[in-house]
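**Student:** Got a structure for you, written out below as structure tokens; questions coming shortly.
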Amino acid sequence: MIEIAVIAGPAGVGKTTVAHEVSLQLRTASVPHAVIDTDGLDDVFPVPEDQRRLTEHNLAHVWSAFRAHGAERLLLTGVYLHRPQELEWINRATAADRVVLVELTAPDAILEERVARREIGSGGPSQLERTAVQAQRLAAERSSNTMLVQTGDRSVSAVASEIVALLGWSLRGPGDTWV
């Protein structure tokens with residue numbers, strides 16, 4: 001069974017950091033999985049007119065290679081992956097049996113601080129503006145089947161543990177298998 005956790009949220013909320021911590025927890029428990037940040041699937045210039053098709057193509061190929069090496073679960077990160085049109089190409093590219101939407105949130109002040117700390121180049125000011133717009137759009141577009149996880153002032157490991165529990169990817173006991 002192919003299961004995907006789609007982790008969405010504005011820039012600076014911790015999607016990549018949290019996904020890597022979830023991965024560490026899954027590795028510790030010997031759970032086959034992969035992590036893909038969609039930003040790396042279509043980072044090309046000039047931006048093609050069929051960027052979504054390129055992203056889908058790249059996801060299909062990378063996921064196929066990971067599946068061939070035993071991955072059964074996928075942590076997929078991206079800002080707007082919760083949108084129906086995004087979920088369509090994700091499903092086509094992965095043939096997932098189960099897709100769970102997780103949206104990470106944080107107060108605006110924390111997002112601003114994280115982005116300011118991370119974006120030290122010339123793109124910093126424009127990224128701060130994009131992050132504010134992203135947070136507003138995500139809140140306006142949120143569906144009832146989205147699991148909200150607050151990152152705020154919480155530790156990365158606590159956030160990741162909450163996500164693992166929400167996904168149902170937890171050990172039942174010593175020697176038991178993951179469900």
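**Student:** Consider GLY12 carefully, then state whether it is part of a loop (DSSP other than H, G, I, E, B), surrounded by fewer than 14 Cβ atoms within 10 Å (Cβ to Cβ) and touching a residue at least 24 places away in the same chain (Cβ under 8 Å).
**Tutor:** No: the conditions fail for GLY12.
**Student:** Checking the conditions here, which among ALA34, ALA68, ALA60 is among the aliphatic types (A, V, I, L, M) and closer than 30 Å to ARG117 by Cβ? Give the steps one after another, and end with the answer.
**Tutor:** On the way: ALA68 fails: closer than 30 Å to ARG117 by Cβ; ALA60 fails: closer than 30 Å to ARG117 by Cβ.
So the residue among ALA34, ALA68, ALA60 that is among the aliphatic types (A, V, I, L, M) and closer than 30 Å to ARG117 by Cβ is ALA34.
**Student:** Filter the stretch 75-90 down to the residues that are buried (at least 17 other Cβ atoms within 10 Å of the Cβ) and either out of contact with any Asp or Glu (no Cβ under 8 Å at 6 or more places or on another chain) or within 14 Å of ILE36 (Cβ to Cβ) (or both) and list them by number. Reasoning before the result, please.
**Tutor:** Quick first cut of the stretch 75-90, residues buried (at least 17 other Cβ atoms within 10 Å of the Cβ) only: 75-79, 81-82, 86, 89-90.
Listed by number, the residues that qualify are LEU75, LEU76, THR77, GLY78, VAL79, LEU81, GLU86, TRP89, ILE90.
To keep it simple, each residue is scored yes or no on (1) over 24 Å from TRP169 (Cβ atoms); (2) under 12 Å from the mean Cα position of the chain (by Cα).
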site: GLY12; (1), (2): yes, no
site: ARG27; (1), (2): no, no
site: ALA93; (1), (2): no, no
site: LEU104; (1), (2): no, yes
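**Student:** To continue, here is another question. What are the residues in the stretch 142-166 that are assigned to a helix (DSSP H, G or I) and hydroxyl-bearing (Ser, Thr, Tyr), if any?
**Tutor:** Once the filter is applied, which keeps residues that are assigned to a helix (DSSP H, G or I) and hydroxyl-bearing (Ser, Thr, Tyr), the stretch 142-166 yields SER157, SER161.
**Student:** Given the criterion surrounded by fewer than 18 Cβ atoms within 10 Å (Cβ to Cβ) and in contact with a Pro (Cβ under 9 Å, 6 or more places away or on another chain), identify the matching residue among GLU72, GLU49.
**Tutor:** GLU72
**Student:** Which numbered condition in (1) within 17 Å of the chain's Cα centre (by Cα); (2) at pLDDT 95 or above is the only one that ASP42 fails?
**Tutor:** Evaluating ASP42 over (1) within 17 Å of the chain's Cα centre (by Cα); (2) at pLDDT 95 or above leaves (2) as the failure.
**Student:** Only one of ALA116, ALA95, ALA140, ALA109 is surrounded by 14 or more Cβ atoms within 10 Å (Cβ to Cβ) and of a type outside the set (Val, Ile, Thr). Can you tell me which?
**Tutor:** ALA116
**Student:** Every residue in the stretch 56-69 that is under 23 Å from ALA160 (Cα atoms) and loosely packed, with under 15 Cβ neighbours inside 10 Å, please.
**Tutor:** none
The values are calculated or read from the model by the stated rules, or taken from the named source; none is laboratory data. In this text the structure is predicted, and so the values were computed from the model without any measurement. Ideal geometry is used to build each Cβ from the backbone, glycine not excepted, and the neighbour counts take in all protein chains shown.
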